[in-house]
Amino acid sequence: MSIDAREAASALSDIETIAQRVRQSRFYNFASLMLILWGVLIFFGNVASHFWPPLAGYIWIAVNAVGIAGSFAIGAFDYKRMGVRSFDLRMVAAYVLFLAFGALWSIGLGHFTPRQLGVFWPTYFMMVYTIVGLWIGPAFVAIGLGITGLTLFGYAFIGPWFELWMALVNGGGLLLGGLWMRRN
Amino acid sequence: MAELDEIIHQPLRLKIMAALNALPAATGLDFTRLKKLTGATDGNLGAHIETLAKAGYVTVAKAFVGKKPQTTVTATAAGRGAFARHVATLREIIAASAPEAD
């Protein structure tokens with residue numbers, strides 16, 4: 001069997017396209033579980049912060065601790081299933097650095113109000129989702145931009161119900177995004 | 001130059017092998033996922049998987065997940081090797097046609 005260079009290039013292009021779709025599919029499968037986990041935690045974190053504002057700091061520390069532990073569990077499950085470590089200590093280090101940088105500017109230097117913190121953290125996280133989505137897949141761009149837009153809308157127009165709004169759009173948005181990824 | 005693998009070179013079989021090779025060794029794809037990835041019909045996909053299985057390039061495992069039957073297709077070591085050689089040959093064809101630099 002003999003083919004020319006153009007046919008060979010076309011075959012290699014088909015191979016790369018399929019391989020890219022498989023990688024994206026695997027990533028969506030893993031990421032969807034993470035989104036569902038964090039969506040549920042953020043939903044309850046916002047609802048609890050609304051009803052017990054003095055405890056908000058502790059609530060969010062607990063949300064992050066449970067989230068990291070849950071992410072490790074999902075990573076271990078994925079490793080058992082696929083043989084590839086998706087969530088490891090390097091991911092935790094990246095997450096801690098990301099939180100530390102946000103805390104430095106919003107609390108250490110910025111002295112944000114609780115409402116400003118409520119809009120800063122989700123939009124800060126969603127910026128990463130959006131940027132990562134440029135490489136990984138359009139679903140992340142849609143989730144990142146969608147939640148950012150709804151967060152800013154809530155900051156501007158939703159009065160004392162802001163945390164409940166955030167429970168719905170941030171927690172609910174991640175949860176729906178995760179479920180959508182699993183379905184697709 | 002090495003010969004192209006005639007079994008793998010068929011467009012749908014190439015897609016199947018490309019999809020399975022993008023996974024870690026010994027990890028398979030279920031039939032439904034493979035159908036979605038390749039855009040093939042049930043009958044066509046089934047026939048080409050059978051051809052690959054007869055060549056020893058993939059294994060097919062059938063099981064029940066709950067009450068639903070699930071068919072999982074996995075590339076064998078021989079299949080991965082054949083696919084790697086096929087890709088190398090495709091690259092050689094492209095390299096051989098490129099004008100030589102001075």
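The values are calculated or read from the model by the stated rules, or taken from the named source; none is laboratory data. In this text the structure is predicted, and so the values were computed from the model without any measurement. No Cβ is skipped: glycine too gets one built from the backbone with ideal geometry, and neighbour counts run over all protein chains shown. Calculation scope for accessible area: heavy atoms of the full protein, side chains included, ligands and nucleic acids excluded. Shrake-Rupley method; radii C 1.70, N 1.55, O 1.52, S 1.80 Å.
What the table below lists for this structure:
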read-out	value
Inter-chain shielding of B:92-99 (mean C-beta neighbours from other protein chains, 10 Å cut-off)	4
Average beta carbon contacts from partner chains per residue of B:24-36, 10 Å cutoff	2
Added length on full extension, which subtracts the Cα-Cα distance from 0.36 nm per residue, A:Ala94 to A:Tyr79	3.5 nm
Size of electric dipole in chain A: Cβ of Lys, Arg +1 and of Asp, Glu -1, about Cα centre, debye, nearest 20	280
R0 of 35 Å, Cβ-Cβ distance A:Ser2-B:Thr41: FRET efficiency to nearest 0.05	0.75
Listed residue (A:Phe125, A:Gly108, A:Ile68) projecting farthest to the positive dipole end of the stretch A:40-181, Cβ model	A:Ile68
Intensity falloff of the stretch A:23-142 expressed as log10 I(q)/I(0), Debye formula with alpha-carbon point scatterers, at q = 0.12, 0.19, 0.20 Å⁻¹	-0.50, -1.19, -1.29
Per-peptide average of other Cβ atoms within 10 Å, ordering A:22-28, B:63-69, A:5-11 highest first	A:22-28, A:5-11, B:63-69
For the stretch A:5-183, accessible area per residue (1.4 Å probe, heavy atoms of protein chains only), Å²	56
Cα long-axis angle, helix B:77-97 against chain B (0 to 90 degrees, to the nearest 10)	30
Ellipsoid equivalent to the stretch B:6-97 - semi-axes via the Cα gyration tensor, in Å	25, 13, 11
Mean separation of Cα contacts under 8 Å, 6 or more apart, over the residue count of the stretch B:6-97: relative contact order %	33
Averaged over A:23-29, number of beta-carbon atoms from partner chains that fall within 10 Å	2
Chain A: angle of helix A:114-136 to the longest principal axis, Cα-based, in degrees nearest 10	0
Cα gyration tensor shape of the stretch A:93-184, rounded if a/c is under 1.5, else prolate or oblate by comparing a/b with b/c	oblate
With Cα atoms, 0 to 90° folded angle of helix A:138-157 axis to chain A main axis	20
Computed [θ] at 222 nm, deg cm²/dmol, the protein assembly as shown (DSSP H ≥ 4; -39,500 (n - 2.57); rounded to nearest 500)	-24000 deg cm²/dmol
Fully extended contour minus Cα-Cα distance, from A:Phe72 to A:Phe44, at 0.36 nm per residue	8.1 nm
Chains B and A, summed buried accessible surface - 1.4 Å probe, Å², nearest 100	2000
